[in-house]
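Derivation of every value follows stated rules applied to the coordinates shown; laboratory data play no part. These figures come from a predicted structure and were not determined experimentally. Glycine gets a Cβ as well: all are built from the backbone with ideal geometry, and neighbour counts include every protein chain shown.
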There are 2 protein chains.
Amino acid sequence: MTGHQRRYNALRIVVDNRLRGLVRGKSPREVKDACRYVLSAGGKRVRSTLLLLSCEAVGGTVRDAIDAGAAVELMHNFTLVHDDIMDNAPSRRGRPTVHTKWNVNNALLVGDILLGLAYKQALKTRVRNSAHLIDVFTTGLLDVCEGQAMDLEFERRMDVSVRDYFRMIEKKTGRLISTSTELGGIIGGGTKRQIEALRMFGHYLGRAFQLQDDLLDVIGEEKDFGKTIGGDIIEGKRTFLLLKALEESEGRNRSELMRVMKQRFSSPASTADERRNEVRRIANIYRATGVMEAARERVRRDTQRAETALRMLPQSRAKETLLWFSQMLLKRKV
Amino acid sequence: MTGHQRRYNALRIVVDNRLRGLVRGKSPREVKDACRYVLSAGGKRVRSTLLLLSCEAVGGTVRDAIDAGAAVELMHNFTLVHDDIMDNAPSRRGRPTVHTKWNVNNALLVGDILLGLAYKQALKTRVRNSAHLIDVFTTGLLDVCEGQAMDLEFERRMDVSVRDYFRMIEKKTGRLISTSTELGGIIGGGTKRQIEALRMFGHYLGRAFQLQDDLLDVIGEEKDFGKTIGGDIIEGKRTFLLLKALEESEGRNRSELMRVMKQRFSSPASTADERRNEVRRIANIYRATGVMEAARERVRRDTQRAETALRMLPQSRAKETLLWFSQMLLKRKV
């Protein structure tokens, strides 16, 4: 294990511990049980790790940023619980989703409560101007919701462009990541330019992260990823791969891809075998049209941009770990 | 029209105007249309009116409190949109609910966005310690969610006591009202004791307000109230009237009431005529057991307590209007 990996593990544990103690009391039982269930599921803690390291990279201490780190993870989990309702997702991180294990009403309330707890936690952070911190946090929340609204709207549209896609993921996935690095910079007392650099770092990293996620749906290992390979294809999700392939295709390939687009609102009842074949067929079109390689190239380019954004920060251990962490995220297989 | 009534109308318009301009832009269309739909529905603006008057009653100006007034109305509407999903409610204020007019996914997101906008608005308030203001606001949010969770839990319980009921409505209905009066006191720069007095005023008023709501379900005029009379009875809702009547009954009346309790989770398909008869029968039990009068007595007592709490505030026009407003709320027929 490298020093960076050890550091990451330590930061993860710090945040996990902070999250564990948050939900107190037994009653009302269902929502409290479900909140604890969500918070004990772990996860990569990407957002809190980025926040803590960003804080340190501009001269702050991890200790000052733990509550805000917990806050961004709480907000992230709020979005996951509500998104899972909207997507009708049966499982997450290899376990039943909240609305599956309990019911939709409970999941709805659990999301609301996690968001309230996120604010409570963010408010514990000691900074000069806490209104500014909460404002950045709230802008992040609103953008994430807007990104999700765009995603829902895209489901029913057949004319989504690659450009639309990037506008959507910039908000839905990217914003909470850039909000995390920005908040880290604010809490660490960074200069205006340093905070902006961290925000841009998060922006590019977030975009690359989502593209990598799209790629992993086609190439990932089922067991590790905790979800079915090709799930995006089966569900007709508007990913970069699907939209770019559509732009690059004509004739029979195009009809195949259009059929996939329609699956978003008319899920075809098919056997596991049929689904496997479908995924293989579409993945072949992706390879043939070069969109897999195009996505990889974009991941490389955005990673580069993210690293470039960090250059203006002073040399430090935290900065090194940030760079290592972004490399690791984008080379991940799960 | 009295001077108080004119004042109330003016304060309502000020907040309505602030709310109207909040949601900008067209895209994503569905959520934005639905947010505007909710915010244009009007409503009594009880919470913002209380906040604005509370601010003035301790020496602040209405102008300083408008954003926070809009914020509590936004939070209130967030709870309504999400509660309507959970309760499967078809209409509100005489119009289809968001999840009925659009769909559950849109309503879920609209609620989330209204909450985000509530924080944005609250953050615009200029106070010495804005972290404290946001903290009070967030505590209110968490308590309201907890109250709603208790309400959902009660639906499936047959052993809910009158005491449980009061613990629930204190959070679900009462907390946002006492949060509004407390925030008004904070923004107006009130002393610690004044702020506490305003909070207690809101606490008692909120409890009386909910009891009055329970009463109106049995005695209100269908047209004005915008909902079906006896809806609580048909749905087996655990109201003060039902729970208190259960405690006071035995024999056949008790079996009747127990049957109503069970309707919460096994809605019986019946005709409009049957429903009308059912409501009449149960309302008769309520009258026979004296629980209508008991509820009225409690409304009177809590109104008294609310007024007593205000006594320590200096004499002012705003205080007079607060007292008038609470009288009006509790004598309302709709």
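The per residue volume of the convex hull around the alpha-carbon atoms of segment B:1-119 is 105 Å³. Per residue, the average separation of C-alpha pairs within less than 8 Å and at least 6 apart gives chain B a relative contact order of 20 percent. Orientation-averaged projection of segment B:166-223 equals 4.7 nm² [convex hull of Cα atoms, one quarter of hull surface area].
Based on the convex hull around the alpha carbon atoms, chain B presents an average projected area of 16.6 nm². For the residues of B:133-146, the average number of beta carbons from a partner chain within 10 Å of their own beta carbon is 5. Enclosing the Cα atoms of segment A:47-188 in their convex hull gives a volume equal to 115 cubic angstrom per residue.
Amide H contacts of A:Arg92: A:Thr97, each under 5 Å away and 5 or more positions distant or on a separate chain (H built 1.01 Å from N in the peptide plane; Pro and chain starts excluded). Ranking of B:Leu241, A:Leu243, A:Leu142 by neighbouring Cβ atoms within 10 Å, starting from the fewest: A:Leu142, A:Leu243, B:Leu241. Residues A:Asp16, B:Asp232 in ascending order of nearby Cβ atoms (within 10 Å, fewest first): A:Asp16, B:Asp232.
Taken over the protein assembly as shown, the ratio of Cα radius of gyration to 2.2 N^0.38 Å equals 1.03. Take every pair of alpha-carbon atoms less than 8 Å apart whose residues are at least six positions apart; their mean separation over the length of segment A:47-105 yields a relative contact order of 24 percent. When the alpha carbon gyration tensor of segment A:116-171 is reduced to an equivalent ellipsoid, the three semi-axes, largest first, read 32, 11, 6 Å. Within 10 Å of the Cβ of each residue in B:104-115, the mean number of Cβ atoms contributed by other protein chains is 6.
Quick check on my link table: of B:Lys171/B:Lys333; A:Lys120/B:Lys331; A:Lys120/A:Lys171; B:Lys120/B:Lys333, which ones sit more than 32 Å apart, alpha carbon to alpha carbon? A:Lys120/B:Lys331; B:Lys120/B:Lys333, as the Cα separations exceed 32 Å there. Each of A:His99, A:His132 was scored by other Cβ atoms within 10 Å of its Cβ. Arranged with the fewest first, they read A:His132, A:His99.
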